[in-house]
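Worksheet for the structure shown next.
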Amino acid sequence: MEHIVIIGNGISGVTLARHIRKLSDKKITIISAETDYFFSRTALMYVYMGHMKFEHTQPYENWFWKKNRIELRKAYVEQIDTDNKALQFANGETLNYDKLIIATGSKPNKFGWPGQDLNGVMGMYHKQDLENLEKHAPNNEVCKRAVIVGGGLIGIELAEMLNSRNIPVTFLVRESSFWNGVLPEGESQMINRHIKNHHIDLRLSTNLKEIKSDEHGKVKSVVIEETGEEIPCTVVGLTAGVSPNIDFIKSSKIETDRGVKVNRYLETNIPDVYAIGDCAEQHEAIGNRRPIEAVWYTGRMMGETLAQTICGNRIAYKPGHWFNSAKFLDIEYQTYGWVFGERGRPDYETHFHWKHDDDTKCITVAYNKNTNEFLGINTFGIRMRHETFNRWLTEKRTVDYVMKHLSEANFDPEFYTHFEKDILNAYNNQLQTVTS
Amino acid sequence: MSNKLNPSMSLAKPDAQDLSLKQKVAVGMGVIGLFILVLALFNLDLPNKATFLTISLSLITIGTIIYANDAYLTKLKGIKNDGVWFKSISSRGTLGWITGLVLTSFYVVLYFYEGLLGAGSDGAENTGLIALFDPLSKLLSGRPASQWFVYGTLYTVAILAFGYKFILKYRHNRYEQIRTISVMFFQLAFAFLIPEFMFVMNSDLPYYDLKNVWPLNYYNFEQYRVDAFINGGTIGMAMLIFGILSIFVITPILTFKYGKRWYCSWVCGCGGLAETAGDSFRHLSDKSQSAWKIERWVIHSVLVFVVLMTTAVIYTYLGYDPNKYWLTRDIFLFSVAGFLTLVFALTMIFKRQELGKDAKYGAIGYFVIIIALIGIHVFSSETKLFLFKAETLRSTYGFLIGAIFSGVIGTGFYPIFGNRVWCRFGCPMAAILGFQQRMFSRFRITTNGGQCISCGNCSTYCEMGIDVRAYAQKGENIVRSSCVGCGICSAVCPRGVLKLENDSMKGRINPTEVLLGNDVDLIDLVNQK
């Protein structure tokens with residue numbers, strides 16, 4: 001029986017394993033050094049916040065794996081010997097495979113800041129990071145202040161986590177406005193204000209110079225690059241993005257760059273070795289996507305796709321329309337299609353932006369100013385239907401059509417106030433101003 | 001048992017979840033209010049009962065209001081579950097267990113030792129706790145209080161005070177607010193005030209909480225009630241007819257249109273208490289698949305039990321002679337059997353493909369009842385029915401299900417098993433509504449394409465123990481008989497994945513393998529085989 005070995009028990013590897021099991025009888029082994037069982041990484045924050053216990057983040061009960069004959073092995077892979085199709089574990093044991101899938105995800109970025117390895121400096125990605133945070137920031141008496149470096153999705157989640165335990169947070173963001181590499185200006189500014197409303201000390205256009213140590217090798221303070229200000233703190237969260245977690249592969253014959261290089265079929269340069277999820281790097285980006293996509297949904301879709309290839313139906317990874325979601329403290333965010341911030345916005349893309357007076361809801365609709373084709377939508381504080389936008393994108397609807405039919409896409413709970421009329425009025429007024 | 005991922009080694013208290021000064025004062029007020037009740041319970045003769053009762057209930061209510069204001073209005077709108085698993089009361093800690101024991105003992109006393117509460121027997125005056133409530137009862141209906149009046153009052157106060165708290169907690173969510181106003185209204189008007197006023201108008205009519213539908217009020221068609229209804233003139237007959245229409249006409253129509261939520265989380269008193277006072281315990285329900293298995297067996301057994309019991313009870317007081325009254329024992333038994341056969345046949349003909357394994361349970365329940373009905377017919381004598389006396393069946397049901405299950409376990413164990421134990425495992429009304437919701441209703445919880453991140457908030461906060469995530473992460477709608485439509489899964493979802501909806505029956509159940517957002521060809525290949 002063919003032995004499929006998957007390194008990494010995250011969403012990519014587990015989705016792959018489940019789908020292989022549905023399609024075949026192959027022997028499946030999943031290896032992880034992080035946890036015994038698959039858990040939802042995106043839910044780690046809720047464990048620290050006390051919304052859930054760690055076991056609640058595990059989507060499958062523990063009997064599931066045995067029942068589906070998916071073998072789980074807690075071990076750390078040190079080397080991959082592709083010539084002999086063998087894995088070497090840190091504890092000296094080895095394991096042979098017929099097909100190998102690398103699904104090792106990401107690790108937090110560190111940019112060589114002085115003091116970045118001190119006690120009390122941490123990312124927020126692995127389960128171990130959570131344990132570390134629990135140790136260094138159990139409450140606001142042990143942790144007088146935390147400084148977060150890097151204004152992305154994980155940064156704001158870490159801020160929310162610490163905030164839930166009333167730990168004062170200083171949030172250093174390199175950009176002039178939160179996440180404005182991705183978000184258009186209006187949205188980004190709204191989130192800035194929302195962060196401040198939560199009493200988080202948001203510092204924009206601010207870089208970290210160094211992290212200072214006390215006499216025990218623990219974090220004592222951080223120094224700001226621009227002003228030289230020293231901020232005393234107990235914990236430093238490094239959340240300046242993530243990069244593929246592939247150091248152990250560098251010594252093998254598998255081609256890597258920033259990630260494990262794969263073609264459209266998710267195959268590496270070595271036969272029978274594949275890579276999926278955060279750690280895979282496409283030779284050429286697909287559409288507007290980046291070559292490395294560290295997104296939950298991408299990992300899952302790659303798993304769904306590769307299962308077909310491994311079970312004899314070789315198909316390319318061809319993701320559909322882009323979508324994503326996040327939550328910024330109390331404000332939910334969804335996106336369908338492409339809406340670019342200032343950075344990388346194509347010439348033909350233009351925006352319609354609407355914001356509610358309460359400053360917690362807004363949408364941005366992107367369209368092609370030459371053809372009026374609808375390109376994508378960002379929505380904050382209003383839930384929208386994935387299916388509807390997916391269809392409109394496929395049908396290449398015009399922006400006028402989308403604005404007129406926006407209520408069909410509404411996904412807010414029943415009895416919620418609807419804003420489609422206000423939005424349409426604002427949209428029509430804008431057009432009048434443009435023409436007059 | 002520590003709920004912490006990794007217990008802190010620091011000397012400082014790890015839980016930064018201390019109550020604010022205002023909250024402490026509020027808790028203090030509530031405790032004093034309860035303490036007055038305890039004093040009365042121990043027969044301390046309070047001089048001016050009306051005043052003390054007012055003080056006590058006011059302190060409890062105002063304490064809860066102040067607490068809620070400070071806990072929620074000082075923060076921005078949004079999900080307020082910080083520290084739920086760290087707090088002793090809501091994570092089966094010491095406070096949780098103590099609360100559970102106190103509630104459980106209260107129910108035991110209430111159901112079986114009402115004398116301890118001070119109920120005066122044989123016309124004697126009430127004493128103790130019940131006497132404290134005499135002034136209010138006399139004000140409303142002119143008669144002295146009973147233990148049920150005490151219970152009803154406290155129940156209503158709990159739903160109103162904690163309903164207010166719930167509304168503040170979810171003040172960003174209009175579905176939750178409107179739903180809560182609805183349960184508060186139905187409790188105050190239908191369960192508490194209207195029956196008292198009806199007593200004033202016509203004291204011969206039995207107590208009837210009009211929103212309580214058979215089989216939840218399993219006693220509704222017992223002889224003494226039916227006699228009272230029939231002798232109660234037009235109003236009495238109207239009540240009897242309403243009782244029958246409730247279960248056979250009104251309930252199916254509303255459940256078809258809106259799912260069982262119209263009752264369970266908008267109207268029902270049990271649901272009302274669970275959603276308000278019980279809200280802090282919703283995450284304690286067991287989400288395992290084995291719990292679901294037990295749930296299906298237990299709740300449907302209760303349903304079989306109540307159908308049999310009611311049939312037997314009605315059977316015994318009907319006559320043989322069709323000339324005296326058209327509804328004879330034989331006609332009654334045959335119509336019950338005929339109705340059940342009809343339901344069973346329709347389900348098998350139209351819904352066969354949706355049934356799978358569960359069909360067996362339905363079939364078993366159906367056959368048990370039919371066989372028992374035949375047994376009743378063949379083996380019963382004037383007083384004995386089948387093998388048991390109808391009275392034995394009735395009192396056993398009343399004891400096991402009516403008292404122990406719905407009261408002692410159902411509510412007493414809120415802080416241990418979660419707030420919907422009764423609704424999930426025991427309520428025969430929920431079983432009927434759930435059966436219909438699964439088979440024939442426009443209601444579902446829609447999953448928003450491929451947006452689920454498997455975080456588990458929905459499953460954790462599902463009071464009915466449904467593993468919502470198991471469906472959502474497959475892009476599949478949630479159509480489950482036990483879902484009471486409280487809407488909390490949708491509220492706590494951080495990615496806007498879940499929406500309670502009434503839509504057409506077609507495509508309501510939509511199993512998928514590959515989720516929306518992936519390669520269209522792959523979706524077609526895998527999902528449409």
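Going residue by residue through region A:406-413, is there one that turns out to be surrounded by fewer than 16 Cβ atoms within 10 Å (Cβ to Cβ) and in the same structural domain as A:Asp330 (by TED's automatic domain parsing)? Yes - at least one qualifying residue is present in region A:406-413.
For region B:301-317, the condition holds for no residue, the condition being that it is free of Cβ contacts under 8 Å to residues at least 40 places away in the same chain, farther than 26 Å from B:Phe435 by Cα and surrounded by fewer than 21 Cβ atoms within 10 Å (Cβ to Cβ). Of all residues assigned to region A:163-183, none qualifies as being within 14 Å of chain B (Cβ to nearest Cβ) and within 28 Å of A:Thr350 (Cα to Cα). Within region A:4-19, not a single residue is surrounded by fewer than 18 Cβ atoms within 10 Å (Cβ to Cβ) and in the same structural domain as A:Tyr297 (by TED's automatic domain parsing). Condition check for A:Asn207 on (1) touching an Asp or Glu at 6+ places or on another chain (Cβ under 8 Å); (2) surrounded by fewer than 19 Cβ atoms within 10 Å (Cβ to Cβ); (3) touching a residue at least 60 places away in the same chain (Cβ under 8 Å); (4) more than 14 Å from chain B (Cβ to nearest Cβ): one failure, at (3). Is there any pair linking a residue in region A:416-429 that is among the β-branched types (Val, Ile, Thr) to one that is surrounded by 16 or more Cβ atoms within 10 Å (Cβ to Cβ), with Cβ under 8 Å and at least six apart or on different chains, and which? If the second residue must be surrounded by 16 or more Cβ atoms within 10 Å (Cβ to Cβ), the pairs left are A:Ile423/A:Trp354; A:Ile423/A:Ile363; A:Ile423/A:Met403; A:Ile423/A:Leu406.
If a residue must be of a type in the set (Ser, Thr, Tyr) and either touching a Lys or Arg at 6+ places or on another chain (Cβ under 9 Å) or in a strand (DSSP E or B) (or both), how many such residues does region A:225-240 contain? If you could, list the steps in order and put the result at the bottom.
Taking region A:225-240 and keeping what is of a type in the set (Ser, Thr, Tyr), we get A:227, A:234, A:239.
Filter again for either touching a Lys or Arg at 6+ places or on another chain (Cβ under 9 Å) or in a strand (DSSP E or B) (or both), leaving A:234.
Within region A:225-240, residues that are of a type in the set (Ser, Thr, Tyr) and either touching a Lys or Arg at 6+ places or on another chain (Cβ under 9 Å) or in a strand (DSSP E or B) (or both) number 1.
Being touching a strand residue (DSSP E or B) at 6+ places or on another chain (Cβ under 6 Å) and either of a type outside the set (Phe, Trp, Tyr) or not assigned by TED's automatic domain parsing to the domain that holds A:Tyr274 (or both) is the filter here, so list the residues in region A:37-73 that pass it.
Keep residues of region A:37-73 that are touching a strand residue (DSSP E or B) at 6+ places or on another chain (Cβ under 6 Å), which gives A:65, A:70-73.
Passing the criteria: A:Ile70, A:Glu71, A:Leu72, A:Arg73.
Take the conditions (1) under 19 Å from B:Ser265 (Cβ atoms); (2) in contact (Cβ under 8 Å) with a residue 12 or more places away in the chain; (3) of a type outside the set (A, V, I, L, M, F, W, C); B:Gln177 misses just one of them, which is (2). Among the residues of region A:295-336, just one is among the basic types (Lys, Arg) and in contact with an Asp or Glu (Cβ under 7 Å, 6 or more places away or on another chain), namely A:Lys318.
Can you find, within region B:483-529, the residue that is modelled with the highest pLDDT among those that are among the acidic types (Asp, Glu) and more than 21 Å from B:Tyr170 (Cβ to Cβ)? Among those residues, the one meeting the criterion is B:Asp503. Within region B:267-280, is there a residue that is closer than 25 Å to B:Trp214 by Cα, in contact (Cβ under 8 Å) with a residue 40 or more places away in the chain and more than 16 Å from the chain's Cα centre (by Cα)? No.
Where in region A:1-118 are there strands (runs of 3 or more DSSP E), lying wholly inside it, with at least 1 residues that are free of Cβ contacts under 8 Å to residues at least 24 places away in the same chain? Walk me through it before giving the result.
Values: elements: A:3-7, A:27-32, A:70-74, A:77-81, A:86-89, A:94-96, A:99-102, A:106-108.
Once the strands (runs of 3 or more DSSP E) in region A:1-118 are filtered for at least 1 residues that are free of Cβ contacts under 8 Å to residues at least 24 places away in the same chain, what remains is A:86-89, A:94-96.
In region B:94-107, the qualifying residues are those that are buried (at least 16 other Cβ atoms within 10 Å of the Cβ) and not polar (S, T, N, Q), and the one that is nearest to B:Leu400 (Cα to Cα) is B:Tyr107.
Mind checking which residues of region A:328-347 are touching a strand residue (DSSP E or B) at 6+ places or on another chain (Cβ under 9 Å) and in contact (Cβ under 8 Å) with a residue 12 or more places away in the chain? So that I can check it myself, show each step before the final result.
Pass one, region A:328-347, residues touching a strand residue (DSSP E or B) at 6+ places or on another chain (Cβ under 9 Å): A:328, A:331-340, A:345-346.
The answer is A:Phe328, A:Ile331, A:Glu332, A:Tyr333, A:Gln334, A:Thr335, A:Tyr336, A:Gly337, A:Trp338, A:Val339, A:Phe340.
Conditions tested, residue by residue: (1) within 14 Å of another protein chain (Cβ to nearest Cβ); (2) acidic (Asp, Glu).
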site	(1), (2)
A:Gly217	no, no
A:Pro232	no, no
A:Val235	yes, no
A:Asp247	no, yes
A:Lys250	no, no
A:Glu281	no, yes
A:Met302	yes, no
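The values are calculated or read from the model by the stated rules, or taken from the named source; none is laboratory data. On a predicted model such as this, the values are computed, not experimentally measured, just so you know. Every residue, glycine as well, gets a Cβ built from its backbone with ideal geometry; the counts of neighbours run over all protein chains shown.
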